[in-house]
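> I have a structure I would like to understand better, so I am pasting it below and will then ask my questions one at a time.
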Amino acid sequence: MSIRRLPEHLVNRIAAGEVVERPASALKELVENAIDAGATRIAIRLAAGGTGMIEVIDDGCGMTPAEMALSLERHATSKLPESLWEQGAIEAVTTLGFRGEALPSIASVARLTLESRVRGADGWSLTVDNGERVAEGPAALPPGTRVRVEALFGRVPARRKFLRSDRAEYAACLDVVKRLAMARPDIAFSLEHDGRRAMQVQGGESQPERVAALTDRALHENSVAVDLDREGVRLGGVAGLPTFNRGVADHQYLFVNGRPVKDRLLAGAVRGAYAEMLARDRHPVVALFLEVPADQVDVNVHPAKTEVRFRDPAMVRGLIVSGLRRALDAAGHRSAQRPAEAALGMWQPGSLAGPSASGEGLEPVYAGAGTAELYMPRPNPSPEGAGLGYVHDRRPGFIAPPQARAEPAHAPVPETISYPLGVARGQVARTYIVAEAEDGLVLVDQHAAHERLVLERMRRAMASGGVASQALLLPEVVELDEPGCDRLEARAPELAELGLELERFGPRAMLVRATPAMLGQGDVRGLVTDLADELASFDEALSLKEKLDHVAATMACHGSVRAGRILSVAEMNALLREMEVTPHSGQCNHGRPTWVKLAHGDIEKLFGRK
């Protein structure tokens, strides 16, 4: 087969495949052009998730008719100054893009209408339909530029059939606009989808205000400022406290020289900075802005410029880890404290041994007749009347200052030989149950342990036909972003099988009518928010039932006894007894141990007796 030159229209479509993967990538290029044009206001309109129409209007410098015609030719750009043009030093370009392929690439796979006007001149319009110029002439518009893209991939069915649903494409477009708006708090942004306003932020905001406005308003009060300089590289931004976390890593925003990027090195550095402060399945909320000298970073390793390459990646990673840890350490008591490794080394995870490990020969202590779900017993004012009724913990969890507490024993002390996890002797820091076993001292994390117990109850209830729900006296409205509401609405019937009854309440809110009865009256907003994040990581082709354990674990976490709740001795013993007859109770839903044991021999070593 002989070598032939490709036709021009095919060359443009190949170039479009590098830059325009989906509507969100086309939108990204257009908004970046508006930012580079010096715009102070950018208005965006979408239809059918961007597949039907994308329109970007800015009040930037605009273009003359001759510049408009040139902008639709490949490898033409205004973003490379003449001095750099002669030197070919493209790595020194400070704009968001300069390849000169965005507009011609988009125009080769869609109908593109370009209207622009410079100040002091008349406006001009130019229309290109899938690579062919079809119309041009005067246009009436204020100074600036308006770009309309219609029927993207309309004549490229092989590309269009691989696009996702309109809602999924819209969610990707919204994420792109959020990231670009976060990088430029001085610019006002607005976004409409199918005639409905989805996002609007005013220009002139501070960076923390803009980040909070586009992520979660509560972030402003639950975050710390990050500011560190090292070897000419500056790291700034905001970092959420470890206790302010989410179920997926989609809420981590990383920028290099004002450019939103998704880089494994940067994401790994964030994960390393929060190590030992978060559970494995929890992720921090951060927005980090890295300023790097142009000769220290290559932004051209990816056609869409979503990846970067650093000359000294180890230094950059160390800068991020150090900057985040310093900021979190400076937060004092607001931040989670790392445990002493020497102290943890003294404690070894234990496992239930013998027939009791499988539950044989043991009976639940407080399983009432006809009771399918077990709850923590209600503390009684008098020891003699210590009942075993079932109540829900209605108080929100909090981290209490270290303190010890033990109740006086008004009844004979139970024998420890008959219980693998021993008998409760007290509670430390309102979080850990201290129990005495025949062969040592047992320390139990009450929240982690009860979290596993609730999960196992939910599994048994689902196997028996479904989880019972408890209607709320007043339905609660939970505000989320629109894609999160879409995910919950699509899975509402399956969530109802888990006892959670939801319905749509406007574009960006869900109405909670009932929650799983066994969870009690916990943090409804936190539960629904985490479930929305959990669903974001699921493949749409999979049934939710295939991911049921993950969803049930999220619910169980919100329905368990929190750290900070004072438990009576009867409650603590009841928890220990249920752990002994519950499968997998040695680990919580996140893979951490629920209890550890210090053997008598180890205690003797601590005091020099051995």
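The values are calculated or read from the model by the stated rules, or taken from the named source; none is laboratory data. None of these values were measured; they are calculated from a predicted model. Backbone-built Cβ (ideal geometry, glycine too); neighbour counts: all protein chains shown.
> Looking at segment 472-497, which of its residues are free of Cβ contacts under 8 Å to residues at least 12 places away in the same chain and of a type in the set (Gly, Ala, Ser)? Walk me through how you get there before you give the answer.
Taking segment 472-497 first, the residues free of Cβ contacts under 8 Å to residues at least 12 places away in the same chain are 473-474, 490, 492-493.
Matches in segment 472-497: Ala490, Ala492.
> Applying the selection to segment 260-276, what residues are outside any loop (DSSP other than H, G, I, E, B), within 22 Å of Arg184 (Cβ to Cβ) and not aliphatic (A, V, I, L, M)?
Listed by number, the list holds a single entry, Pro260.
> Confirm whether Glu192 is closer than 29 Å to Val128 by Cα, charged (D, E, K, R), outside any helix (DSSP H, G or I) and more than 22 Å from the chain's Cα centre (by Cα).
Working: closer than 29 Å to Val128 by Cα: yes; charged (D, E, K, R): yes; outside any helix (DSSP H, G or I): yes; more than 22 Å from the chain's Cα centre (by Cα): yes.
The answer is yes for Glu192.
> Quick check: is even one residue across segment 279-302 part of a helix (DSSP H, G or I), charged (D, E, K, R) and touching a strand residue (DSSP E or B) at 6+ places or on another chain (Cβ under 8 Å)? Lay out the reasoning, then the answer.
First, pick out the residues of segment 279-302 that are part of a helix (DSSP H, G or I): 294-296.
Now restrict to residues that are charged (D, E, K, R): 295.
If we keep only those that are touching a strand residue (DSSP E or B) at 6+ places or on another chain (Cβ under 8 Å) as well, we get none.
No, segment 279-302 contains no residue that is part of a helix (DSSP H, G or I), charged (D, E, K, R) and touching a strand residue (DSSP E or B) at 6+ places or on another chain (Cβ under 8 Å).
> Would you mention how many residues in segment 24-46 are among the hydroxyl-bearing types (Ser, Thr, Tyr) and on the phi > 0 side of the Ramachandran plot?
So the first thing to find is which residues in segment 24-46 are among the hydroxyl-bearing types (Ser, Thr, Tyr), and the list is 25, 40.
Now drop any that are not on the phi > 0 side of the Ramachandran plot, which leaves none.
Within segment 24-46, residues that are among the hydroxyl-bearing types (Ser, Thr, Tyr) and on the phi > 0 side of the Ramachandran plot number 0.
> State all residues of segment 151-167 that are closer than 16 Å to Leu191 by Cα and among the hydrophobic types (A, V, I, L, M, F, W, C); if no residue qualifies, say none.
Passing the criteria: none in range.
> Would you pick out the residues in segment 144-186 that are out of contact with any strand residue (DSSP E or B) (no Cβ under 9 Å at 6 or more places or on another chain) and of a type in the set (Ser, Thr, Tyr)?
Within segment 144-186, Ser165 is the sole residue that qualifies.
> Between Gln207, Gln252, which is under 16 Å from the mean Cα position of the chain (by Cα) and under 21 Å from Asp175 (Cβ atoms)? Let's see the steps before the verdict.
Values: Gln207 fails: under 16 Å from the mean Cα position of the chain (by Cα).
On inspection, the qualifying residue turns out to be Gln252.
Per-residue answers, yes or no, for (1) surrounded by fewer than 17 Cβ atoms within 10 Å (Cβ to Cβ); (2) in contact with a His (Cβ under 8 Å, 6 or more places away or on another chain); (3) on the phi > 0 side of the Ramachandran plot:
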site	(1), (2), (3)
Val134	yes, no, no
Arg146	no, no, no
Leu152	no, no, no
Ala158	yes, no, no
Gly195	yes, no, yes
Arg210	no, no, no
Glu231	yes, no, yes
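> Based on what the data block shows, is Arg487 at pLDDT 85 or above and among the basic types (Lys, Arg)?
Values: at pLDDT 85 or above: yes; among the basic types (Lys, Arg): yes.
Yes: the conditions hold for Arg487.
> Hand me the list of strands (runs of 3 or more DSSP E) wholly inside segment 72-180 holding 2 or more residues that are modelled with pLDDT of 90 or more and closer than 23 Å to Ser25 by Cβ. Don't jump to the end; show me each part of the working.
Working: elements: 111-117, 123-129, 132-139, 144-150.
Those strands (runs of 3 or more DSSP E) span 111-117, 123-129, 144-150.
> Of all residues in segment 552-571, how many are at pLDDT 70 or above and out of contact with any helix residue (DSSP H, G or I) (no Cβ under 8 Å at 6 or more places or on another chain)?
5
> What is the one condition in (1) closer than 21 Å to Cys588 by Cβ; (2) surrounded by 19 or more Cβ atoms within 10 Å (Cβ to Cβ); (3) at pLDDT 90 or above that Arg452 does not satisfy?
Among (1) closer than 21 Å to Cys588 by Cβ; (2) surrounded by 19 or more Cβ atoms within 10 Å (Cβ to Cβ); (3) at pLDDT 90 or above, Arg452 violates only (3).
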